[in-house]
Amino acid sequence: MAGKTLFDKVWDAHVVDTIENGPQILYIDKHLIHEVTSPQAFNELEQREIPVARPDQVVATADHNTPTQNQHLPIKDAMSRNQLEQLTKNCDKHGITLYGLGHKYNGIVHVMAPELGITQPGMTMVCGDSHTSTHGAFGTIAFGIGTSQVGQVFASQSLLLNKPKSLRVNVKGKLAPNVLPKDVILYIISKLGTNAGTGYFCEYAGNVFEEMSMEGRMTVCNMSIEMGARGGMIAPDQTTFDYVEGRKFAPKDDAFAKAVSYWKTLPTDDDAVFDKEYHLNAEDIGPMLTYGTNPGMGIKINEHIPEKGDMTFEKALEYMNFKEGAQLLDTPINYVFIGSCTNSRIEDFRIAANYVKGKQKAPNVNAWLVPGSQQVAKQLEDEGLKEVFEAAGFVLRQPGCSACLAMNDDKIPAGEYCVSTSNRNFEGRQGQGARTILASPLVAAATAIEGKIVDITKEVLI
Amino acid sequence: MEKFTKLTTTAVPLPIENIDTDQIIPARFLKATDKKGFGDNVFRDWRYNKGGDLDPSFPLNQKQYQGAQVLVAGDNFGCGSSREHAAWAIVGYGFKVVISSFFADIFKGNALNNGLLPIQVSPEYLSQLTAGIQENPELPITIDLENQVIEMAEVYTEPSRSTKAEFDLDPYKKVCMINGYDDIDFLLSKKEAIETFEKERMVF
Ligand code: SF4
């Protein structure tokens, strides 16, 4: 019998029952919730008089629809305020822990949960948010669900699912200088396309991922959904164990040692077979940019936009006001956003600060820095990075999703370009008519300093 | 959930690829805490022009497509955010079926949980269907869930076109759609097995 993949091992350990000719019942260890995709699920439960099965396995935060300025003041927008009040009421009523606005553990759901040690290898985790794939960096089966499914997990701590197929993306070799985990995943999506992963759960393997920090692995797994995969995973190893150890909700002492010995059994067996497999060379990857309106439309920073001539492609270029065959270098940029669950961890800001130190932001640029959590915000202060950024003219905001989806006031004006460290460059994602260029925190920082897109491949910057 | 067995209606063509859920319902409309009203804002930024008026070139705004209950979209429909609001918006507008040559996983699940039938057909059949509707906006389309067949009315179609196509659907989901049950009902019926699992195997 062929060996098992990391995904198989975690999945099989959570199957409660298999329905003939149908899906399986998968037990869910942790359920993360936030204000936007939970209220209708709570309403449904109430209407049907169903209690929350395991409130102690649910953790809530407020992130999508929260302001990033003056968080201590009442929220001005009535609908947003109502949504947050609903979350508080629902959590109180059902006995769910909430790290609400202003709480020292508040933050973007996919930043705060790993940071608190809620995310651990071998778990199944869900959240009503597609970027739940982020947690796969720990060797966790983590994926986004719809609101009906949020209700199902409330009611039963389980979900009805068909087991996805398995896909492995191998990246081996040595990365060039200035190439960050964000570039690796943007490159993968640009090569494989936005639906290469549909129906699959993806494992990332090869020395490039083994050598990455946990923050970097989270950036990679975060964008798995952008190639259509339900989730991404990286085998847990010493880097993972070291990251988890000592965090608030991590197992302690003997329990930790016991957990580690289990986690060590999870990596994919050598003889396991994947339904689909890709091999890419690290040497081919450069700092990346997107030029279009889906995350697969990416090129290396100094490359030319391809000439394709199909309708979808032309529509995207028209929206972005770019030409086929053109380069993006020297395009003036007025907005830079460093934030979102893809790149708002301390490491991202360290890289940006290291580059920015002693420089001044270009006068045309509005540079918004939005940390992923209160803990990251605190680290920025403690490490003196806040001063570095403020001295360079950047605006440091309070934690939240912010301009990643522009539900609050952090919107990019119509027609403006924004070099953004977030994960989606869809039409209007950052505001009606806004034009998003996805990039790494280093490219974003360089753009903010220069006021335009510059070739960062010329010298070693980090 | 409403039951779905067989439906004959007209369709609206929206032959755009990669329609993501941000397009179906932009984030600024996600502040509501109930499921009502999303239909008014479905495809908001395509339906209305910059001045806030209905854009007459957008198919949903055209007279010939009013009242249609089937949306015929392009490839890879519903990618992006997991927001179920996208399914609520489509249902709220009055659609009962979406047809594409490919659906994003999460959208497909969300649709089925709201009584909206996502039908995946071959790219060839999709383009024939789109062309058929564009030529004859009144073309009746029949969706027979029991037999898993979709059919364009023959009278309007050219002989070279295949009018019928079969489609796949998870057998469990099919039973749910036909009977109007949802997964919560099913999972609650399995409560004992879940509790046993928790006792015996839960590690976290
Ligand atoms: S930061 Fe963006 S992608 Fe991440 S959870 Fe928030 S809205 Fe979703």
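Largest first, the three principal axis extents of the alpha carbons in segment A:118-158 are 26, 18, 13 Å in whole numbers. Projecting the Cα atoms of B:Ala68, B:Gly132, A:Val395 onto the dipole axis of the protein assembly as shown, where Lys and Arg carry +1 and Asp and Glu carry -1 at the beta carbon, places A:Val395 farthest toward the positive end.
Put simply, chains A and B cover up around 4900 Å² of each other's accessible surface, both sides summed, when a 1.4 Å probe is used. Between B:Thr8 and A:Glu307, the FRET efficiency from the beta-carbon distance, with R0 = 41 Å, is close to 0.40. At a cut-off of 30 Å², which residues of segment A:132-154 become less accessible once all protein chains are present than in their chain alone, using a 1.4 Å probe? Those residues are A:Gly146, A:Thr147, A:Ser148, A:Gln152.
In plain terms, chain B is cut at each of the GluC sites (Glu not before Pro) found in a DSSP loop with at most 13 other Cβ atoms within 10 Å, and the longest leftover piece is B:3-137.
The distance between label points at A:Val15 and B:Ala193 comes to 1.1 nm (points 7 Å beyond Cα on the Cα→Cβ vector). Of all aspartates and glutamates in the structure, the ones whose alpha carbon falls short of 15 Å from that of A:Lys411, not counting any fewer than 8 places away in one chain, are A:Asp77, A:Glu427, B:Asp22. Mean separation of Cα pairs under 8 Å and 6 or more residues apart, divided by the residue count, gives segment B:6-201 a relative contact order of 22 percent.
The calculated FRET efficiency for B:Glu146 paired with A:Asp271, based on their beta-carbon distance and R0 = 41 Å, is about 0.40.
By the Stokes-Einstein formula, at 1.306 mPa s and 10 °C, chain A with its Kirkwood radius over alpha-carbon pairs has D equal to 71 µm²/s. Ratio of Rg to Rh for segment B:6-201: 1.02 [Cα atoms; Kirkwood radius as inverse mean 1/r over pairs].
Calculation over all alpha carbon pairs of segment B:85-150 in 10 angstrom steps from 0 returns a P(r) of 19, 48, 32, 1 percent. For segment A:420-462, the residues whose amide N sits under 11 Å from a probe point set 7 Å from the Cα of A:Asn321 along the beta carbon direction are A:434-435. Calculated mean residue ellipticity, 222 nm, the protein assembly as shown: -8500 deg cm²/dmol, from DSSP H runs (n ≥ 4) at -39500 (n - 2.57) each, averaged per residue and rounded to 500. The residue among A:Gly228, A:His94, A:Tyr335 whose Cα reaches farthest toward the positive pole of the charge dipole of chain A, with charges on the beta-carbon of Lys, Arg, Asp and Glu, is A:Tyr335. Scalar couplings 3J(HN,Hα) for segment A:423-431, obtained by applying the Karplus form with A = 6.51, B = -1.76, C = 1.60 to θ = phi - 60°, are 10, 10, 10, 4, 3, x, 4, 9, x Hz; x denotes Gly and Pro.
In segment A:406-439, burial by the other protein chains removes 50 Å² or more of 1.4 Å probe accessible surface, compared with the chain on its own, from A:Met407, A:Phe426, A:Glu427, A:Gln432. Protein heavy-atom accessible surface, 1.4 Å probe, per residue over the protein assembly as shown: 37 Å².
For the pairs A:Lys104/A:Lys182; B:Lys35/B:Lys173; A:Lys315/A:Lys452, flag any whose C-alpha to C-alpha distance is greater than 26 Å. Going by Cα-Cα distance, A:Lys104/A:Lys182 fall outside the 26 Å limit. Any aspartates and glutamates with Cα under 20 Å of the A:Lys76 Cα? List them, leaving off those in the same chain fewer than 8 positions away. List returned: A:Glu35, A:Asp63, A:Glu85, A:Asp409, A:Asp410. Run the paramagnetic zone check for A:Glu387: 7 angstrom along Cα to Cβ, then residues of segment A:329-357 with backbone nitrogen under 12 Å. Hits in segment A:329-357 for A:Glu387 at 12 Å: none.
The values are calculated or read from the model by the stated rules, or taken from the named source; none is laboratory data. Here the structure is a predicted model, which means the values were calculated and not measured. Every residue, glycine among them, receives a Cβ derived from its backbone with ideal geometry; neighbour counts consider all protein chains shown. What goes into the accessible areas is simple: the full protein's heavy atoms, side chains included, and nothing from ligands, DNA or RNA. Shrake-Rupley method; radii C 1.70, N 1.55, O 1.52, S 1.80 Å.
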